[in-house]
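*Asks:* Structure incoming, see below.
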Amino acid sequence: MGASSAQQSPDRAGMPVAMRSAATLRATAPAPAGLADAIALTVRQFQGKAGIAVVSVDQGWQVATGGEQRLPQQSVSKLWVAMTVLDALDAGRLTLSTPVTVTREDLTVFHQPIAAMVKDDGYQTTVGDLLQRALTESDNTANDRLLRFVGGPDAVRRFIAAKRLGDIRFGPGERLLQAQTAGLEWRPELATGNRFVRARAALPLAQRLAAYDAYVANPPDGAAPAAIAGALARLKKGDLLSPFSTGYLIATMEASKTGKMRLRGAVPTGWRFGHKTGTGQNLVGRTAGYNDVGILTAPDGRSYAIAVMIGDTPRPVGERQALMQSVVASIIAFHAPGTSMAGTASPGTGLGGIY
C-alpha cells in the first residue's frame, strides 16, 4: 500500500488515520506495503473496541486502524504527568533530587506499593524516586503525588496543549477517576485497606454497570491511539523535552516491570522496547481499558512508536495480549522480512491488577 493510502485510509470510525490537530512528523518514505492491511486485519478479527497506531520515528509515516477514536488511557496517562514533571525540570523549577513528602492523605487506590512506606510522619522521598515508581511499577500514589507537586491536572493539560499533542485528555487524578468509574463518591477512607473494593462490591450491579458504561463511552482520560503514537514519536525525536529528560524518560520506560506479556511479549532479542501500560477496572468479564504504548527500537537503530488500546472487550486476557503481540510481530516482519522470532515470548496471562 502506498504512502497516501496508508496515511489517509479511513479508520473504523470513518475518519482518516492522519492526526489532524497535533504537530506531526514529516513523512520521508511510504509506509511498508501491507503493514496497514495487517494492522486493520488484527483489529477486525478482535471482538471489542480497539484502536492501533504505529508511527515510524525515522521516516514519519503512520498507519492506524481505529486510531482516531478516544479510548480510556488509565495508567498510560502517567506518561503525561512524567513529561510535565520533566518539562518543569528542563525549566529549572525542580530537580530529580528535589525532596517530596508522601503522607497518608496522598494515598490513592489499587496498585500503590509506596503505601507500605508511608507512616504517621509520612515518607520522605524525591521527585526522581516518585518518577521511577510511577513509570516502572505504575504506582498510583507516586503518580498522583507528582501530579499535585507539579500543579495538578490543569498543569498536565497545559503541557499537552502547549506541545500540541492532539486528542489526549487528562483526567482528574486516580482517586476521582476510579471512584467515578465504579459508581462511587470518593471518600478518603477508601484509600486504605480493602475499603474501596468492599464499597464497590456493595453497590447494586445496575449502578455499577451504568457508571462503567458511562466511563467507556466518554472517558475523561480518553485519548486517540494516533495522538499517543505521534507524541511518543516526537518524544523519541527530541521534540518534547531536553536531551537529558528525553533520555531519562525513555530509559525509565525501558525499565518498566509491568505488562511483560503485552507488546513486550513479542519483542525479540536485540530489540529495545520502552513502554507504559494501562489497565482499567473489571466488571462482568469486561475491562475498562487494556492498553500498552511504547517505543520499539531495532538493532539497526530505527524506531517505531506504537499505541495499542482496547477500550472495552469481553475477550480473555490471553487474546488481548495476543492482539498486542501480533502488532509487534507485524512491525518486525515489515522492518526486516525473514527476521527470526527466536527468543520471543509466548502469549500468557500477564500480570494482575490495575496498572
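Residue-by-condition table, conditions (1) open to solvent by 50 Å² or more (accessible area, probe 1.4 Å); (2) modelled with pLDDT of 95 or more:
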| site | (1), (2) |
| --- | --- |
| 190 | no, yes |
| 194 | yes, no |
| 202 | yes, yes |
| 207 | yes, yes |
| 215 | no, yes |
| 223 | no, yes |
| 228 | no, yes |
| 233 | no, yes |
| 242 | no, yes |
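Residues checked against (1) of a type outside the set (Gly, Ala, Ser); (2) touching a Gly at 6+ places or on another chain (Cβ under 8 Å):
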residue	(1), (2)
74	yes, yes
83	yes, no
109	yes, no
113	yes, no
121	yes, no
130	yes, no
142	no, no
165	yes, yes
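*Asks:* Let me ask another. What are the pairs with Cβ atoms under 9 angstrom where one residue, in the stretch 72-97, is under 22 Å from residue 137 (Cβ atoms) and the other, located anywhere, is open to solvent by 10 Å² or more (accessible area, probe 1.4 Å) and acidic (Asp, Glu)? Sequence gap at least six, or different chains.
*Replies:* Taking only residues 6 or more apart or on different chains, the pairs are 72/312; 75/174; 96/129.
*Asks:* Then there is this: Looking at (1) surrounded by 22 or more Cβ atoms within 10 Å (Cβ to Cβ); (2) without any contact (Cβ under 8 Å) to a residue 40 or more places away in the chain, which is the one condition that is false for residue 45?
*Replies:* (1)
*Asks:* Can you list residue pairs whose Cβ atoms sit under 7 Å apart, with the first residue in the stretch 192-203 being farther than 10 Å from residue 110 by Cα and the second being open to solvent by 50 Å² or more (accessible area, probe 1.4 Å) and in a helix (DSSP H, G or I)? Count only pairs 6 or more apart in sequence or on different chains.
*Replies:* Listed pairs, sorted by first residue: 195/189.
*Asks:* Can I ask one more? Only one of (1) under 21 Å from residue 225 (Cα atoms); (2) of a type in the set (A, V, I, L, M); (3) open to solvent by 30 Å² or more (accessible area, probe 1.4 Å) fails for residue 160. Which number is that?
*Replies:* (3)
*Asks:* Would you tally the residues in the stretch 115-129 being touching a helix residue (DSSP H, G or I) at 6+ places or on another chain (Cβ under 9 Å), in contact (Cβ under 8 Å) with a residue 12 or more places away in the chain and either outside any helix (DSSP H, G or I) or closer than 20 Å to residue 179 by Cβ (or both)?
*Replies:* Result for the stretch 115-129: 6.
*Asks:* So, in the stretch 242-264, how many residues would count as being within 18 Å of residue 76 (Cα to Cα) and of a type in the set (Gly, Ala, Ser)?
*Replies:* From the stretch 242-264, those within 18 Å of residue 76 (Cα to Cα) are 246, 248-264; that's our starting set.
Narrowing the set further to residues that are of a type in the set (Gly, Ala, Ser) leaves 251, 255-256, 259.
So the answer is 4.
*Asks:* Further, regarding this structure: Given 138, 77, which one is closer than 30 Å to residue 243 by Cβ and in a helix (DSSP H, G or I)? Even if it seems obvious, please write down each step before you answer.
*Replies:* On the way: 138 fails: in a helix (DSSP H, G or I).
Matching residue, one of 138, 77: 77.
*Asks:* Here's something else I'd like to know. Please tell me if residue 108 is outside any helix (DSSP H, G or I) and surrounded by fewer than 20 Cβ atoms within 10 Å (Cβ to Cβ). Give the derivation first.
*Replies:* Details: outside any helix (DSSP H, G or I): yes; surrounded by fewer than 20 Cβ atoms within 10 Å (Cβ to Cβ): no.
The answer is no for residue 108.
*Asks:* Could I ask something else about it? If I go through the stretch 244-264 residue by residue, how many of them are buried (at least 21 other Cβ atoms within 10 Å of the Cβ) and of a type outside the set (S, T, N, Q)? Break it down into steps so the answer makes sense when it comes.
*Replies:* Residues of the stretch 244-264 buried (at least 21 other Cβ atoms within 10 Å of the Cβ): 245, 249, 253, 256, 258-259, 261-264.
Checking the rest, the ones that are also of a type outside the set (S, T, N, Q) come to 249, 253, 259, 261-264.
Of the residues in the stretch 244-264, 7 are buried (at least 21 other Cβ atoms within 10 Å of the Cβ) and of a type outside the set (S, T, N, Q).
*Asks:* Of all the residues that make up the stretch 282-313, how many are open to solvent by 10 Å² or more (accessible area, probe 1.4 Å) and either farther than 20 Å from residue 40 by Cα or among the acidic types (Asp, Glu) (or both)?
*Replies:* Residues flagged as open to solvent by 10 Å² or more (accessible area, probe 1.4 Å) and either farther than 20 Å from residue 40 by Cα or among the acidic types (Asp, Glu) (or both) within the stretch 282-313 amount to 10.
*Asks:* May I ask you to list the residues in the stretch 141-157 that are in a helix (DSSP H, G or I) and under 21 Å from residue 95 (Cβ atoms)? Can you show your working first?
*Replies:* Within the stretch 141-157, the subset in a helix (DSSP H, G or I) is 141-150, 153-157.
Listed by number, the residues that qualify are 142, 143, 144, 145, 146, 147, 148, 149, 150, 155, 156.
*Asks:* If you don't mind, another one. Name the helices (runs of 4 or more DSSP H) wholly inside the stretch 205-284 in which the number of residues that are over 19 Å from the mean Cα position of the chain (by Cα) and under 26 Å from residue 50 (Cβ atoms) is 2 or more.
*Replies:* Details: elements: 205-217, 225-237, 243-254.
Of the helices (runs of 4 or more DSSP H) lying wholly inside the stretch 205-284, those with at least 2 residues that are over 19 Å from the mean Cα position of the chain (by Cα) and under 26 Å from residue 50 (Cβ atoms) span 205-217.
*Asks:* Here's another thing I want to ask about it. If the requirement is being under 30 Å from residue 39 (Cα atoms) and either in contact with a strand residue (DSSP E or B) (Cβ under 7 Å, 6 or more places away or on another chain) or not in a loop (DSSP other than H, G, I, E, B) (or both), which of these qualifies: 69, 132?
*Replies:* Numbers: 132 fails: under 30 Å from residue 39 (Cα atoms).
Just one listed residue meets the conditions, 69.
The values are calculated or read from the model by the stated rules, or taken from the named source; none is laboratory data. Predicted model only: the values in this text are computed from it and were never measured. For neighbour counting, all protein chains shown are included, and Cβ atoms are generated from backbone atoms with ideal geometry for every residue, glycine included. We work out accessible area using only protein heavy atoms, side chains counted, and drop any ligands, DNA or RNA first. Shrake-Rupley method; radii C 1.70, N 1.55, O 1.52, S 1.80 Å.
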